[in-house]
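Let me begin by presenting the structure, written as structure tokens, before commenting on it.
The values are calculated or read from the model by the stated rules, or taken from the named source; none is laboratory data. Please read all numbers here as calculations on a predicted model, not as lab measurements. Note: ideal-geometry Cβ built from the backbone for every residue, glycine included; neighbour counts use all protein chains shown. Surface accessibility is based on the protein's heavy atoms, side chains included, excluding ligands, DNA and RNA. Shrake-Rupley method; radii C 1.70, N 1.55, O 1.52, S 1.80 Å.
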Amino acid sequence: MPGSQHEIVVIGTGYVGLTTGACLARLGHRVTCVDIDAAKLAAIEEGRLPIHEDGLLELVTAGQKAGGLKFTTDLLSSVGEADFVFLCLPTPAGPDGSADMSSIVDVIGQLKGHLPSECVVVNKSTVPVNSAKMIADLLGEPRVDVVSNPEFLREGSAVEDFLNPDRIVIGSDDPLAGERVGALYLGSRCPVLVTDPVSAETIKYLANAFLAMKISFVNQAAEFCDVVGADVLEVMRGLSYDPRIGSEFLNPGPGWGGSCFPKDTRALAASARALGRPMTLVDEAIGANDEHIAYVANVILEACESFEHRPKIGVLGLSFKANTDDTRESPALAIIDRLVRYPAEVVAYDRLARVEDTAGLARCDNLTDVLTGADVVAILTEWPEFTELSPSDFSGTMRGNTIVDTRYVLDTGLFAESGLRVVSVGRQRPRIDKR
Ligand code: UDX
């Protein structure tokens, strides 16, 4: 695409930054990715990516080979010729839930006075509303255009989401700067919403909050189904035919987690409270998620109650969802924490998950070791390899006969024929009669 190639600097090589850099290089731009972590960049350059993301390694390798994708720790010398500087920096939750902006403030302090006059700063980090203005103010005079361009990348399909987005949101006070950012995505066939920065920043928070609320609703509905004896999967199917509700994001599970929903809902709730207009529905969604995680852990522990010895629980899946190695805020880890404190012996298998703190948890590198001698098995992540398991994988290997399927991946009827009890929240699970 001669003529539409631009010099782009992407600051931060987390899953958003690395995906953004590699995909912009794929779109034909000359991209330099900057990070303070030299060891991480060296590993990326050697083809060892810090995250597992479908198709990303191929894009990084191709970009490097074509010369359009470079990596450096030298921020200032990289921005000298930049047409665009993308901010893809972490904004973790601070102690009160609000987004910690220190990485961004630090980088902007370094950039001040060093950006070429036509350079546009594009913010992809999820930031409190009004941050574009705050960043522009920090950059000082002469004024630099700061455009909000939130990401809507799902881990596991981030490359696909970047190259085939369902929408592009651009928030800019300057129409020309907004247009220039939009032109970077030329060829994407999706609605492009050009709006003001405050609205763009708000869209990002509310999109994630809405999705989190939707799952909290589904999970609370599953608990209700337990009480009334309905089947949550049938109920959700019934809801999904209403186009106003839709069929996406209606899967009950062990609770929502990951690097975005927990952090972004807390940040939104904190800022709404600070602004004197609390978003109580978001507060409720967060609380309902915590309660649901506890509820799911109790379902697993109820299945352990019949054993007089310290039960062995085999856990399948640690990542917060399938197709990612990310365990940040994974419901699986929160549930395991409760199981370990029961106290149960917990052994877990996940082919990819990165777990830093494994206190009280024994990790196995194969499925058989987890199933062997297990009193109860709990499926906590919907990895495809677990959906393919058959009754014969469990019977004769497990000591007990109960599998708690928190992801609804097993065929309950088929397993029952083999004398195995599959228990799932909201599926008329037989209650243990304590009288
Ligand atoms: C999310 C948003 O989808 C994405 O647009 C945003 O930019 C970043 O945050 P991600 O964190 O990758 O993406 O995960 P997502 O696929 O949205 O799932 C979030 C959590 O909800 C997971 O724990 C998942 O297991 C759970 N979930 C999702 C359900 O329990 N049921 C569903 O139906 C969907």
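Which one, Ser98, Ala25, Pro278, projects farthest toward the positive side of the charge dipole computed for the chain from Cβ point charges (K/R +1, D/E -1)?
Among Ser98, Ala25, Pro278, the one farthest towards the positive end of the dipole of the chain is Pro278.
Counting helices only, and only those DSSP H runs with n ≥ 4, report the 222 nm mean residue ellipticity of the chain as the sum of -39,500 (n - 2.57) divided by its residues, in deg cm²/dmol to the nearest 500.
The per-residue figure over the chain is -12500 deg cm²/dmol.
Towards the positive end of the charge dipole of the chain, with charges on Cβ (+1 Lys, Arg; -1 Asp, Glu), say which of Ser148, Gly80, Thr202 has the farthest Cα.
Checked the options; the winner is Thr202.
With r defined as the distance between the Cβ atoms of Asp242 and Glu58 and R0 fixed at 60 Å, what FRET efficiency is calculated, to the nearest 0.05?
Given R0 = 60 Å and the Cβ-Cβ separation, E is 0.90.
Near Val146, within a Cβ-to-Cβ distance under 13 Å, what is the net charge of the other residues, with Lys and Arg +1 and Asp and Glu -1?
Around Val146, the surrounding residues sum to -1.
Count neighbours as other Cβ atoms within 10 Å of each site's Cβ, and list the GluC sites (Glu not before Pro) in the range 273-341 that are DSSP loop with at most 14 such neighbours.
For GluC sites (Glu not before Pro) across the range 273-341 that sit outside H, G, I, E and B with at most 14 neighbouring Cβ atoms in 10 Å, the list reads Glu305, Glu308.
Tell me, what % of the accessible area of the range 1-134 is carbon and sulfur with a 1.4 angstrom probe?
Carbon and sulfur: 54 percent of the exposed surface of the range 1-134.
Quick one: accessible area per residue over the chain, 1.4 Å probe, rounded to a whole number of Å²?
46 Å²
List the pairs from Lys70/Lys112; Lys133/Lys204; Lys204/Lys321; Lys133/Lys214; Lys214/Lys263 whose alpha-carbon separation is above 25 Å, in the order I gave them.
Going by Cα-Cα distance, Lys133/Lys214 fall outside the 25 Å limit.
Let's test the formula: R0 of 56 Å, r as the Cβ-Cβ distance of Glu118 and Arg363. What FRET efficiency results, to the nearest 0.05?
Details: r = 51 Å, r/R0 = 0.92.
About 0.65, to the nearest 0.05.
Determine the sum of side-chain charges near Glu388: Lys and Arg each +1, Asp and Glu each -1, restricted to other residues whose C-beta is under 12 angstrom from that of Glu388.
-4
Cβ under 11 Å from Thr126's Cβ, Thr126 left aside: what net charge do those residues give with Lys, Arg +1 and Asp, Glu -1?
Values: positive: Lys124, Lys204, Lys263; negative: Glu151, Glu201, Asp264.
Here the charged neighbours net out to 0.
Determine, from the Cβ-Cβ distance of Phe307 and Cys190 and an R0 of 60 Å, the FRET efficiency 1/(1 + (r/R0)^6), rounded to the nearest 0.05.
Numbers: r = 53 Å, r/R0 = 0.89.
Here the calculated transfer efficiency is 0.65.
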